[in-house]
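Take a look at the structure set out below.
The values are calculated or read from the model by the stated rules, or taken from the named source; none is laboratory data. The shown structure was predicted, so the numbers you read here are calculated from the model rather than taken from an experiment. Cβ: placed from backbone, ideal geometry, glycine included. Neighbour counts: every protein chain shown.
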Amino acid sequence: MATLPSLAHNYAQLQKQIEEISQQTPYPSPTLVCVSKTANLQQMEQLYQLGVRHFAENRPQIFMDKYRSFHHSDIIWHYIGSLQRRPVKDIINQVNYFHALDRLSLAQEIQKRAEKPINCFVQINISGEESKSGLAKEEVEEFLIKLQEFDKIKPIGLMTMAPKGASKASCFTIFDSLRHLRDQLQTTTSNPQLTELSMGMSGDFIPAIQAGSTFLRIGSAFFAE
Ligand SMILES: *Cc1c(COP(=O)(O)O)cnc(C)c1O
């Protein structure tokens with residue numbers, strides 16, 4: 001388990017790298033989200049003290065436990081895992097950003113349970129890998145049009161994951177096509193608020209920044225010893 005010196009070192013290193021790469025692109029610097037799913041509360045507290053405010057979890061029960069025990073009013077919570085309908089009611093009103101909207105039945109459940117509009121990323125399976133969840137590129141336009149009926153769903157962008165072990169070049173191609181898709185959907189679905197791109201993890205955040213990511217979801221690079 002990473003200790004305070006390594007957490008501080010990793011965080012500083014990440015910030016520096018993100019800034020450096022970002023400066024070589026025409027895009028603004030993305031928001032760094034700490035994926036704390038493998039971390040304990042003490043490590044999260046240490047990261048909070050270092051200045052981290054964005055935390056992401058991917059299991060409903062662990063999210064709820066951490067949400068209850070981590071007492072800072074200015075934490076920005078992200079939920080990044082695939083979600084069944086049943087736990088939606090337990091978590092959706094505590095989440096600031098939901099990154100895994102991938103089907104209409106889930107949108108219906110969020111609509112039913114949310115007390116305010118929820119910032120949602122539509123998850124896309126750009127690479128077409130069978131093991132990955134998310135909509136196919138071709139399905140997104142119709143999906144976004146259907147979402148217009150749901151006043152508790154605020155689609156703010158697209159999310160994707162590159163296949164494990166993909167080269168930097170093929171990650172870039174995947175992330176770049178997600179950006180193109182977002183730009184195209186802003187006009188075809190008259191969704192001007194579809195501005196965000198949730199892409200880039202520990203192994204592929206460099207090509208993600210180069211392709212215009214606005215939210216990086218980074219876990220293991222924070223917690224390496
Ligand atoms: C775990 C996870 C991450 C972070 O992955 P790392 O490789 O540890 O940075 C990002 N996104 C999703 C959806 C995850 O489940």
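Okay, here's what the table says:
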| item | result |
| --- | --- |
| First in the range 105-116 and free of Cβ contacts under 8 Å to residues at least 40 places away in the same chain and surrounded by fewer than 19 Cβ atoms within 10 Å (Cβ to Cβ), second anywhere and assigned to a helix (DSSP H, G or I) and of a type in the set (S, T, N, Q), Cβ under 8 Å, 6 or more apart | ARG113/ASN93; GLU115/ASN93; LYS116/ASN93 |
| Criterion: crowded, with 19+ Cβ neighbours inside 10 Å and among the small types (Gly, Ala, Ser) - qualifying residue of SER167, SER198 | SER198 |
| Filter pass, GLU139 being touching a helix residue (DSSP H, G or I) at 6+ places or on another chain (Cβ under 6 Å) and surrounded by fewer than 18 Cβ atoms within 10 Å (Cβ to Cβ) | no |
| Some residue of the range 171-181 being away from the ligand (no atom under 16 Å from the Cβ), of a type outside the set (Asp, Glu) and on the phi > 0 side of the Ramachandran plot | no |
| Test: residue in the range 105-118 that is in contact with a Leu (Cβ under 8 Å, 6 or more places away or on another chain), among the hydroxyl-bearing types (Ser, Thr, Tyr) and farther than 27 Å from GLU19 by Cα | no |
| Filtered residues of the range 84-109 (kept if of a type in the set (A, V, I, L, M, F, W, C) and within 14 Å of PRO60 (Cα to Cα)) | VAL88, ILE91, ILE92, VAL95, PHE98, ALA100 |
| The range 27-42, subset polar (S, T, N, Q) and within 14 Å of the ligand (Cβ to nearest atom), residue surrounded by the most Cβ atoms within 10 Å (Cβ to Cβ) | SER36 |
| Residue among ILE76, ILE62 that alone is out of contact with any strand residue (DSSP E or B) (no Cβ under 9 Å at 6 or more places or on another chain) and within 17 Å of CYS34 (Cα to Cα) | ILE62 |
| Among the candidates GLY203, GLY165, GLY219, GLY134, residue that is on the phi > 0 side of the Ramachandran plot, under 17 Å from the mean Cα position of the chain (by Cα) and either modelled with pLDDT of 95 or more or within 16 Å of the ligand (Cβ to nearest atom) (or both) | GLY134 |
| Considering residues of the range 109-128 that are of a type in the set (A, V, I, L, M, F, W, C) and not in a helix (DSSP H, G or I) only, the residue nearest to LEU144 (Cα to Cα) | VAL122 |
| Check on GLN193, within 23 Å of LEU32 (Cβ to Cβ) and surrounded by fewer than 21 Cβ atoms within 10 Å (Cβ to Cβ) | yes |
